[in-house]
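This report refers to the structure that appears directly beneath it.
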Amino acid sequence: MNILLLGSGGREYTLAWNMSQSPLCDQLYIAPGNAGTPTFGINVAINPNDFDHIAQFALENQVDMIVVGPEEPLVRGIVDYFKKDEKLKHIHLIGPAGQAALLEGSKAFAKRFMETYDIPTAAYQEFSSANIDEGLAYIATQTPPIVLKADGLAAGKGVLILDNIPEAQEAFKAMLGGKFGEAGSRVVIEQFLDGIEFSVFALTDGKSYQLLPVAKDYKRIGEGDVGLNTGGMGAISPVSFVDETLMEKVIQRIVEPTIKGIHKEGFDYKGFVFFGIIKVGNDPYVIEYNCRMGDPETEVVIPRLKNDLVALFQATMNGTLANQTIEIDTQAAATIMLVSGGYPEAYEKGKVIEGLNLATDSMLIHAGTKMEDGKVLTNGGRVMAITSMGKDFKAALEISKKNAQCIQFEGKNYRKDIGFDL
Ligand code: AMP
Ligand code: GLY
């Protein structure tokens, strides 16, 4: 079968790595891909949000399956776009339809869903500019820290945690006043949960599901988890504190009721569900849902997965996912993200990346890279994920750290302390 993968990050490189090894995969296309993805298929210069262009390419190239890496095309309704067109509906998409993608695309929608299906999450209220005064009064009754969330997609920047009531009220007004554009036209105010976070991933056909390895990512730019939030500076899998007892609670209280809810709501959902979970005391609570794989979590989850992803996707499509058996490598994986100087604030692109041939024993997972005149250049904030395997995450991390030193580009920055809190 011919497969088109949408996206250009480390997540997509890693998915392409697995899928290209599948005997079920004839031709893999990656749109738009990065400097590393031509190892696995053909890069095509198409924007993942340009549905007309994607459709035209898919028809011209007999694409049978489209795997959607990032959330934006999903929230914008790419699955619906293909389903409602007679000429396109034979093409299988991995990812939920637009309404189900609101589990990620609208914080308020996700909170209502969790309330309906009794899934543990922080207590909350939602407000819009129509009831701004009620919102301000509500904040005044809360004990800081106060968590404000812009309802819509805000590229990971829509959550603010404020230490006192006046600041929270100011931030609330700014959010509703357009600081986050349309994404902030509705705001969720929620209870602050104090605990340690981890990420759980499932693949679902809308009825049954299979769990993938558990991971933990490190989002802050600075060592010791300080400074600005980023897309993710590194990740590890497995996660030592997520033992059998905790995982059983996650399955019974969160995963099962979520999949049942998806089924009951009649959502068209054939794809990944990402549960962002926080452990408070000994109990798990949902912080957020995403309707796609995590990045950089994919860079440690997929290397530990022994299964052929294409076979799993095929089972997702034809309703036989329940019959599949997930096989996980007992080794641990760790990844370190090399980022551009200045990221997550302003940074320069186009720096030459050198020393790639000096790295050994790691997967060099391209993220923000591009090829120009035979040179690999930086092309984003998150440039390259270095994933290694070992008997535990510390052993894996040592290999990644060694290789992080070999690879050079102007302004290179990375965290050496991934997993420091475990
Ligand atoms: P989200 O985009 O919902 O994942 O939120 C981004 C980050 O904000 C999360 O990864 C948490 O670290 C933090 N966060 C979100 N909601 C809460 C909460 N209710 N309590 C504490 N921290 C939170
Ligand atoms: N690493 C978090 C995310 O992909 O949203």
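The values are calculated or read from the model by the stated rules, or taken from the named source; none is laboratory data. For clarity, every value in this text was computed on a predicted model and none was experimentally measured. Positions of Cβ are backbone-derived with ideal geometry, glycine not excepted, and every protein chain shown enters the neighbour counts.
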*From the list 283, 295, which one is within 16 Å of ligand 1 (Cβ to nearest atom), touching a residue at least 60 places away in the same chain (Cβ under 8 Å) and more than 23 Å from residue 385 (Cα to Cα)?*
283
*Could you please let me know if residue 149 is closer than 24 Å to residue 255 by Cα, surrounded by 16 or more Cβ atoms within 10 Å (Cβ to Cβ) and modelled with pLDDT under 95?*
yes
*Can you find a residue in the range 253-264 that is over 21 Å from residue 238 (Cβ atoms) and among the basic types (Lys, Arg)?*
yes
*The lone exception for residue 200 - which of (1) more than 10 Å from ligand 1 (Cβ to nearest atom); (2) aliphatic (A, V, I, L, M); (3) over 21 Å from residue 280 (Cβ atoms); (4) surrounded by 14 or more Cβ atoms within 10 Å (Cβ to Cβ) it fails*: (3)
_I'd like to know if the range 261-270 contains one or more residues that are at pLDDT 95 or above and touching a Cys at 6+ places or on another chain (Cβ under 9 Å)._
yes
*Subset of the range 47-69 (residues that are touching a residue at least 40 places away in the same chain (Cβ under 8 Å) and under 19 Å from residue 25 (Cβ atoms))*: 54, 57, 58, 61, 62, 63, 64, 65, 66, 67, 68, 69
*State the number of residues belonging to the range 167-192 that are at pLDDT below 90, crowded, with 18+ Cβ neighbours inside 10 Å and not in a helix (DSSP H, G or I).*
2
_Filter result (part of a strand (DSSP E or B) and not hydrophobic (A, V, I, L, M, F, W, C)) within the range 326-370_ = 335, 354, 366, 369, 370
*Please indicate, with yes or no, whether at least one residue in the range 103-115 is under 21 Å from residue 314 (Cα atoms), touching a helix residue (DSSP H, G or I) at 6+ places or on another chain (Cβ under 6 Å) and not polar (S, T, N, Q).*
no
*residue 109 is checked against (1) more than 19 Å from the chain's Cα centre (by Cα); (2) buried (at least 18 other Cβ atoms within 10 Å of the Cβ); (3) not in a loop (DSSP other than H, G, I, E, B) and fails just one. What number does that condition carry?*
(1)
*For the range 377-391, how many residues are closer than 16 Å to residue 37 by Cα, in contact with a Gly (Cβ under 8 Å, 6 or more places away or on another chain) and touching a residue at least 40 places away in the same chain (Cβ under 8 Å)?*
7
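If a residue has to be part of a loop (DSSP other than H, G, I, E, B) and either under 18 Å from the mean Cα position of the chain (by Cα) or small (Gly, Ala, Ser) (or both) to count, how many in the range 10-39 make the cut?
Within the range 10-39, residues that are part of a loop (DSSP other than H, G, I, E, B) and either under 18 Å from the mean Cα position of the chain (by Cα) or small (Gly, Ala, Ser) (or both) number 5.
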*Every residue from the range 273-292 that is among the hydrophobic types (A, V, I, L, M, F, W, C), assigned to a strand (DSSP E or B) and within 11 Å of ligand 2 (Cβ to nearest atom)*: 274, 287
_What pairs come out if I take residues in the range 147-161 that are farther than 19 Å from residue 233 by Cα and part of a loop (DSSP other than H, G, I, E, B) and pair them with residues that are within 14 Å of ligand 2 (Cβ to nearest atom) and of a type in the set (Val, Ile, Thr) whose C-beta lies under 7 Å away, six or more apart or interchain?_
153/75
*asked:* With crowded, with 24+ Cβ neighbours inside 10 Å and either among the basic types (Lys, Arg) or in contact with a strand residue (DSSP E or B) (Cβ under 7 Å, 6 or more places away or on another chain) (or both) as the only criterion, which of 364, 356, 377, 397 stands out?
replied: 397
*For residues in the range 259-272 being away from ligand 2 (no atom under 16 Å from the Cβ) and of a type in the set (Phe, Trp, Tyr), which is surrounded by the most Cβ atoms within 10 Å (Cβ to Cβ)?*
269
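Conditions tested, residue by residue: (1) at pLDDT 95 or above; (2) part of a strand (DSSP E or B); (3) buried (at least 18 other Cβ atoms within 10 Å of the Cβ).
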residue	(1), (2), (3)
47	yes, no, no
53	yes, no, no
74	yes, no, yes
82	yes, no, yes
95	yes, yes, yes
103	yes, no, yes
119	yes, no, yes
